[in-house]
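To start, the structure under review is shown below, and the notes come after it.
Quick note: the coordinates plus some simple rules give every number you see, no bench work behind them. Computed from a prediction, not measured in an experiment: that's the story for all the values here. Here the Cβ positions follow ideal geometry from the backbone for every residue, glycine too, while neighbour counts run over all protein chains shown.
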Amino acid sequence: MGDRAAARGEQLDVPLRNLITGRMARENIVNPITDQVIVRENEIIDEAEARARTIQATRRFARRQDAWFRKDPRISWLRFDADDLVEQALDRLD
């Protein structure tokens, strides 16, 4: 999806950056995936701040997922930068 906001109900699929960059929010702007507030009502935000907040929210969400899935014995974590990543994945399929 990139920087596109997901369509929800009757809402249009609009680039999220168009909703938040350089404007004063008339209502809270919420991340469509995590439902976290990115911009509060009556707040003005520039592109750099929007990018920083999105990165921060994404990292928080990834940490929560890590905590949730770490407890699941069916999941085996692999390092994304391992030289033998494919081999490790295939070994776990056996």
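Observations
- Dipole of region 16-93, positive direction: furthest Cα of Ala50, Gln36, Leu90, with charges on the beta-carbon: Gln36
- Global form of region 16-93, assessed from the alpha-carbon gyration tensor, a/c cut-off 1.5: prolate
- Highest mean packing first, where packing is the average number of other Cβ atoms within 10 Å per residue, the peptides 56-62, 76-82 line up as 56-62, 76-82.
- Label-point separation, Arg74 to Arg23 (7 Å along Cα→Cβ), nm: 4.1 nm
- Inter-site label distance for Asp91 and Gln65 at 7 Å from Cα along Cβ, in nm: 2.5 nm
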